[in-house]
Structures are given as structure tokens and as C-alpha cells.
Amino acid sequence: MSPEADFLRISESVGPWVSGSRTAGHRLDMDTSAERLVPAVTAFKNLSWGYLSAITGLDSGTVEPSDGHIEVLYHFCRGPAVVTFRVKVPRGDPSVPSIGAPVPPAVLFERELAETMGVRVTGLPDGKRQFLSDDWPENVYPLRKDFTLESAAATGEPAPAVGSGEEPGTFIIPIGPQHPALKEPGHFELTVDGEIVTHASIRLGYVHRGIEKGAEDRSWVHNIYLMERICGICSHIHATAYVLGVESLAGVAAPPRAQAVRTVFCEMERIHSHLLWLGVAAHEAGFDTLFMYSWRDRETIMDLLEELSGNRVNYSVNLLGGVKYDVDTKAADSVRRGLDFLERRTKHYMKIVTSDESFLRRTRGVGAITYDQANLLGTVGPTARASGVSRDLRHEAPYLAYRDFPIRPVLDSRCDLAARFVVRINELFESYRMVREILDRMPAGELAVPAPRKVQEGEVISRVEAPRGELFYYLRSTGGVKPDRVKVRTPSLCNWAAVLSVAVGHKLADIPMILVGIDPCFSCNDRSITLRRRGSRSLENWSWEDLRAYGISYYAGGAT
Amino acid sequence: MALRGALDKAALWSRINSPWLVHFNSGSCNGCDIEILATLAPRYDLERFGVKLQGSPRHADVLICTGPVTRLARERLLRTYEQMPAPKFVIAVGSCSITGGAFHGCYNIVGDIGDVIPVDVYVPGCPPRPEAIIDGVVQLLTKLRASIARPGGAS
């Protein structure tokens, strides 16, 4: 169905609650008010069209704090089409109702909106901070235009004790933020009854650096390098999403050869990311041999990336209007040789994950996210595709060279961890095929066209398929040398809701595997803080401070 | 006393031959963290130097840190460091851990690793290559080895 017909149907259904609507290309923007938002979204939800992709807050930025307005944008996506509900609220008292009832995954986005933009979201459950630190002062919102670093001085508020809300007789196992072998710090609290997890919650924000605000202080060009450093695994795709957005705002199109080179890097990055995940996931299962083998083989693709760009991790390929590096015939030949080797190895890995009995016992039927859950909770990427939800922007909304080199989406309907392994390994084969095809039919021509230093006024949504799923960028320009607003919604944020809900009911030992199944790369270092002391029948809750003091005095020889 | 001195010497000798690492990310983009893992994987094989990455800070000799320090991670970095038994050493990996790197000036960054805990070896790069990380570890071990010759041993 074409987006126009869809948009007509949507406009008719939500018509009574919107005051104005505009269509431009693949976008439908509808103005509504805070009072009418929930009925409008409910009516929209009843159409079963698309999923909530992101919530963006925009500050009009006037000098007087009480003047002006804050605009909240709710972006729903399906394929290439984006439907946006826009709500304007006064800057002096910004308040919107939560849409968590009709759209459950909205809750995490709304929390981010409330913390960073200072929009009160009424009806939002669970008041704990998710992104900012506990010592962040009240009523200071970093994404407001009048925010200053001085106003955010720490209040000295101590972090709340972990497990303070613990019911007698239950245990809360804190996982993280420091992990034995791995990268990203996050904090999970798993309530367990014996071995079975009865509740799971998450605290994010350990790596929250304030990049969206930082981007407003840097020029359009400077930001390519900042965006590349949002994630060291999918660095290229972040820069690509950003430059595609800026190019579309500035009315510049990268030449076909540049687009092909960007696509080659996108797919090679996916290869390195999926191989990395395979190793990490195997490590979580206690299968370190597979971890070591897949990381050894991953070095092949790292060498190729280095050969093409000179860098192993942040390739720095993109420019506004093109790319820096060409892929010549000699480099193409070594890429082909490398891919031949990797393809042989990947076949071997496929055999292992589908036939090794002890491995299958850790994955088959574990952590199942049903089709309906995946759909409702807004999962993206391989996690969604392993539950049979066909969400792949390379296929549904082709960008770059995916228009000329169509991708075959990889789906699996078994929904469990085993399916997530199979989907990602099959995507590796698909990526090998893509890279080879593009190298064989590389378009000739220039690598870059000049791009303006200032970008004309306007807003744009740029969506691409990162290794972990849909990556969403919203960019707004006021015509200057710096962006007015950069909103980034990364795929992992979409997948948390699903993974936390399926974790409940599983054995504690399966949790690392389930968490890693969505590819956030987690390992766990669990330190239970509820102690049953020898000789005492009662449970004692220890705060982190107590535990820390105990640990220090124990090692200093003070404890007996 | 003589026995104590001999034991300390033996402990330092074994520490140099088999330092245990604990890794903490205080706000990094993952680039350095992945490279640290790649350094431990078969191609670069840091374990040749007896280095072992393991989970608990209580068993570790060396804290290998990445990233600038975010407001939320600052406390956790301190806790991780305090949980390590003395003597302990810190390697800061990547440009962010030295100056804040690309994130310098962002609102949720409190500073670099050196602002929070004492650092013994800095490894620059964005991210540093595995060879550079190996060099950083070897430099730390060399420093330790030199301290054997000094009376009183390592700091």
C-alpha cells in the first residue's frame, strides 16, 4: 500500500483530534494538543499501523524562561513512512499525558523526555531516574536552550541504596554496572524467588555523556566525528545516518560511487559486529572456544576495514557530500579473499549453533519473544526479525546503494535465542553477498561533491538499519553553521522493553544469555546485598555504603 | 621481618608474571573496550604476558579503564578502585580517558580518569590499536620490574 493511501486512512481516523496536518513525501505531520493526544494516539493505535520509533522534544529557546513553547514529537514508523504527532506546550509549565497505556514502549522515551527536556509526563509510572545521575539538581534540564553547565552542579545527593524497596523473603540481585569481561555499564536489578526471576528492572545512564547537547555546540562537519563516537561498534552507521540527514537538509546528494562505498562499509561493519556478538553470546553461554574462534576470524574483517580506511574502529569514511576513501581493484580483491575465508568459517559456526546439543540446550526455547510481543513492544533489528517481525529498513525503505543492490531480509519465526543466532548468522551470509555484488558492479565517478558550510533551515528524519536495528536521527537546522537539535534514538533502547518482560520467569542462569540476545553486550557480576548471617535467622539489608565499608575494612584486616 | 620481606618479593615477582586485570568502562563509546577484548583474543593474545582478565575487582592487580568519566559512573569507578587490594595499578586506555576526547565539554562528563583515581599508564588513541594496549601493559610491567631492584618494592 502506498503511503498516500495509508496517510489518508490515518487522517480520517484521527481527524477529530488533530487541528492540522501536512504531508511531505514519506512524512505525515499532525498537530494536536496535550488534552487530545491520548485519544488521538489511541485511535491511531487501533489502526495497527507501524510502531513508535522515537519521541523528540524541541525547545523554542527564548531568552525569558517562561516564554515560548516546547514541542513534543511522537514519531511512528512503518517502512519508509513516518507519522508524527506534534504537541506544543507552554515553556513555563510544560506537561503532556503519558501515552504508555495505548503504546507501552513509550514509557522509556517519555522518561528521557521528562529528564532531559523537563516536560512533565503525567501518568508515567516508576519515578526513578533513567538517564541522568542521582546527584543531578532538580528542575535543571540539559536539552533546554537556556541550560548552562554551572546550573548542573552536583547536589551531593547520595545514590539510593540498591534493593531498598525489597520485600521480606525476596532477593534482589544487582547486576552491573561493572562487568567482568565486557564493555557497556548498565545496572539491572533482578528480583528472584529461588532460581526464578520474578521481576527485572534496569537503570541506564552510566555512559550518558550528553552528546545531543554537545552536538548543538559543534559545527555540522565537526559533528560527523562526534556522532561516529556514539558507539565504537557501529561507528560508521551513526555517521552515515547523520550525513544522510544533513545532506538531505542541505539539498546535496552524494555521488553514486560514494554511496556504494558507504554501503560497503555499512555491510562490513555489520559483519564485524555480528561476529563480535557471536563470540560474546557464546562466552555468556560458557562456550569460550567459540568466543576465541569467532574473535580470531573477526580480525580478518578488521584487517580489511583497516586496509580500506586506515582505521580499525572509527573508520571516518564519511564527509558531508561524499566519502574520503575509494575502494580500488587491489583492495577489492583482498576484500573478496577475506570474505571467502569468512564465509567458510561462518558455515562452520552455523553448524555449531544449530547442531551442538549442549549449546542448543542453552538457546532452544529460551527467552522467547512472541511475534505479538515483538510487534507491540516495538523491537527492532535482528531481535525483531528472529520473532518473525519483518523490520529491516534496508529492505523496506532502501537508502544508499540498497536501492540498486536489494537485500533479502532474513526472518525466523521460532522467536527464541536459537533463532537470534540463526538470524544473525544468516545475515552474515547476506552481507558477504552484498559486499561482493557491490564490489563487482561498483559505479564509476566522483567520491564527493562540495557541501555548504551552513545548512538551510528545516528539519529531517534520517533512519538507517544499524547492526542492532533501526537507528533514528532527527535533525533540525535554523540556517546556521551548527545544528539546532540532534535527536538520536539507538536500537538497543527499543529492545529493552521486550527483553525485560521476557526475562521474568526464567532461571537466573539464563539471564545473561537473554540479555545478550538483543546484542547490548552484557555480562554480569552479581553481588547480592541481602545477607543471611551465620547464626542469625533474620535477613539484613545492607546498603552499598555498608557493603563498601565492610569490604574495605575486611581487606584492611579490620574484620574478623 | 626477613620472612615478610621475602614473601613480599615473591608476591611482586608473581604479580609481574601474572597480573590480573579488571576492566571498567566509565562512559566510553565501546571502541576501546572492544579493542581491549580484541587484545585478549587469539590474534594479539595478551595472555602471553601472563595477563588474565577476570571479573571481580577484589582479585585484580590492574584496573584497565576506558572512556571519560560520566557523573553516574564516577562513584562506581571509585568503588571498583577501592575494592581492589593494594598494591594496585591503573591503565587508562584511549583519548577520552586522558582528556575527555571528543566528549570534552559535554554536560554529563566530570573529567578524565586521572581526575578521579591515580593513573600509572596512559595509552592514547581513538581507539588505541591492540599493539598499543599491549605496549601499555608491558610498560606497566617494566615499571614494576624496575621496582624490584629498589628497596621497599613497588608503591
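Readers should treat all values here as calculations from the given coordinates under stated rules, not as data from a laboratory. On a predicted model such as this, the values are computed, not experimentally measured, just so you know. We place every Cβ from the backbone using ideal geometry, glycine too, and count neighbours over all the protein chains shown.
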Peptide-level mean, for B:16-25, of C-beta atoms on other protein chains within 10 Å: 2
Taking the Cα-to-Cβ direction at A:Glu343 and at A:Ser151 and moving 7 Å from each Cα, how far apart do the two end points lie in nm? 5.8 nm
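To check you understand DSSP bridge types, tell me what percent of the beta bridges within the protein assembly as shown (both residues inside) are antiparallel, rounded to 5. All intermediate terms of the calculation are to be shown ahead of the outcome.
Details: 59 of 83 bridges.
Taking every DSSP beta bridge within the protein assembly as shown, about 70 percent pair in antiparallel fashion.
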How long are the three semi-axes of the equivalent ellipsoid for region B:19-149, computed from the Cα gyration tensor as the root of 5 times each eigenvalue, in whole Å, largest first? 22, 17, 13
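Can you give the net charge of the other residues whose Cβ lies under 15 Å from the Cβ of A:Arg78, counting K and R as +1 and D and E as -1?
Working: positive: A:Arg9, A:Arg27, A:Lys45, A:Arg391, A:Arg463; negative: A:Glu4, A:Asp6, A:Asp392, A:Glu396, A:Glu465, A:Glu470.
That works out to -1.
Quote the convex hull volume per residue of region A:3-148, based on C-alpha atoms, as a whole number of Å³.
113 Å³
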With springs only between Cα atoms under 10 Å, which of B:Ser95, B:Ser14, B:Ser26 fluctuates most in a Gaussian network model of chain B? B:Ser14
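With a Förster radius of 30 Å, plug the Cβ-Cβ distance of A:His199 and A:Leu47 into 1/(1 + (r/R0)^6) and report the FRET value to the nearest 0.05.
Values: r = 33 Å, r/R0 = 1.10.
Given R0 = 30 Å and the Cβ-Cβ separation, E is 0.35.
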For A:Tyr225 and B:His59, extending 7 Å from Cα along the Cα-Cβ vector and measuring point to point gives, in nm, a value of 4.1 nm
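222 nm [θ] for the protein assembly as shown, helices only, -39500 (n - 2.57) per DSSP H run of 4+, per residue, to 500? Could the numbers behind the result be given before it?
Details: 23 runs with 288 residues, N = 715.
Taken over the protein assembly as shown, the calculation gives -12500 deg cm²/dmol.
Percent antiparallel among DSSP beta bridges with both residues in region A:3-148, to the nearest 5? If you can, show how the numbers build up before the last one.
On the way: 23 of 32 bridges.
Roughly 70 percent of the DSSP beta bridges within region A:3-148 come out antiparallel.
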Quick one: of A:Lys324/A:Lys347; A:Lys330/A:Lys351; A:Lys347/B:Lys52; A:Lys88/A:Lys213; A:Lys324/A:Lys487, which pairs are farther than 24 Å apart, Cα to Cα? A:Lys324/A:Lys347; A:Lys330/A:Lys351; A:Lys347/B:Lys52; A:Lys324/A:Lys487
Using only the alpha-carbon atoms of chain A, report the extent along each of the three principal axes, biggest first, to the nearest angstrom. 79, 62, 46
Which ordering of A:Arg111, A:Arg78, A:Arg433 is given by a fewest-first count of other beta-carbon atoms within 10 Å? A:Arg433, A:Arg78, A:Arg111
If you line up the Cα atoms of region A:389-515 on their principal axes, what length do they span on each, largest first, in Å? 56, 40, 20
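Let me know the mean shielding of B:59-67 by other chains, meaning the per-residue number of their Cβ atoms within 10 Å of its Cβ. Walk me through the numbers on the way to the answer.
On the way: counts 0, 0, 0, 0, 1, 0, 0, 2, 6.
Across the residues of B:59-67, the mean count of other-chain Cβ atoms within 10 Å is 1.
Just want to confirm a number: the relative contact order over chain A, from Cα pairs under 8 angstrom separated by 6+ residues, in percent. Walk me through the numbers on the way to the answer.
Values: 1052 pairs, mean separation 86.7, N = 560.
Once divided by the residue count of chain A, the mean separation gives 15 percent.
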Would you list B:Leu78, A:Leu278, A:Leu508 from fewest to most Cβ contacts within 10 Å? B:Leu78, A:Leu508, A:Leu278
Report the residue, chosen from B:Gly136, B:Gly31, B:Gly94, that carries the largest GNM mean-square fluctuation when chain B is represented by alpha-carbon nodes joined by springs under 10 Å. B:Gly31
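List A:Leu500, A:Leu342 from most exposed to least, where exposure is judged by having the fewest other Cβ atoms within 10 Å. Working shown, then result.
Details: A:Leu500 19, A:Leu342 22.
The fewest-first ordering by Cβ neighbours comes to A:Leu500, A:Leu342.
Assign one of three labels to region B:85-147, namely rounded, prolate or oblate, based on the Cα gyration tensor with a ≥ b ≥ c the square roots of its eigenvalues; rounded applies when a/c is under 1.5, prolate when it is not and a/b is larger than b/c, and oblate otherwise.
On the way: a/c = 3.66, a/b = 1.53, b/c = 2.39.
Oblate shape, in that a/c is at least 1.5 and b/c is the bigger or equal ratio.
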